[in-house]
Amino acid sequence: MSKKKKTAKAVKKGNTKKRASKKPVIITIVVIALIAAAVTAAVIFSVNAPESLAKTSWISVSATNSADEAVDLKTIYNNYYSNYQGTLEFCDDGKFELWLTTGEPADGSHSGTYEVDGDTVRVKYEGGDSSEFRLERDGTKIKSILVNYGEYKVNFERQKAAEK
């Protein structure tokens, strides 16, 4: 009855084989964990990302004067308001269109480019003037847009899609 003793070298070789066989499994687990973390982060970010202005349309609903008193929109738009209402549209190419006037309907069309920085929309009109609009949010969703227009502040809300 001879019992062979395992030498230190034999024990070491056996452990190396066990470690080597576990290496692909550990790498696979780590890769899967990283992918899961990346997907989770992307989902969380997209849910909490602020709503974009691109491809949205807005109509004027109210206004205040420099004393912060409510004014009738006809004061700003003249009698044309009932026919045309004020509109504000943002395109996905960084351009916007605004119809806001105290004169003839053809005089009220303004356009230019825009950039969003938090709750501020920086606009540059085609004529070179610039201004800032303020976004009012309900969480991440844009609730309304406040436009400074001369001595007035005009409040725009999202335009509802036409009912069919």
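Counting only residues that are surrounded by 16 or more Cβ atoms within 10 Å (Cβ to Cβ) and of a type in the set (Val, Ile, Thr), how many does the stretch 110-126 have?
Of the residues in that region, 3 qualify.
Only one residue in Thr64, Thr87, Thr101, Thr75 is assigned by TED's automatic domain parsing to the domain that holds Lys143, at pLDDT 90 or above and surrounded by 10 or more Cβ atoms within 10 Å (Cβ to Cβ). Which one?
Numbers: Thr87 fails: at pLDDT 90 or above; Thr101 fails: at pLDDT 90 or above; Thr75 fails: at pLDDT 90 or above.
Checking each option against the conditions leaves just Thr64.
So which residues in the stretch 127-159 are under 20 Å from Asp92 (Cβ atoms) and loosely packed, with under 11 Cβ neighbours inside 10 Å?
Thr140, Lys141
Look through Ile44, Ile59 and report the one residue that is within 21 Å of the chain's Cα centre (by Cα) and at pLDDT below 80.
Values: Ile59 fails: at pLDDT below 80.
Of Ile44, Ile59, the one residue that is within 21 Å of the chain's Cα centre (by Cα) and at pLDDT below 80 is Ile44.
The values are calculated or read from the model by the stated rules, or taken from the named source; none is laboratory data. All figures in this text were calculated on a predicted structure; none of them were measured in a lab. When we count neighbours, we look across all protein chains shown, and the Cβ atoms used for this are built from the backbone with ideal geometry, even at glycine.
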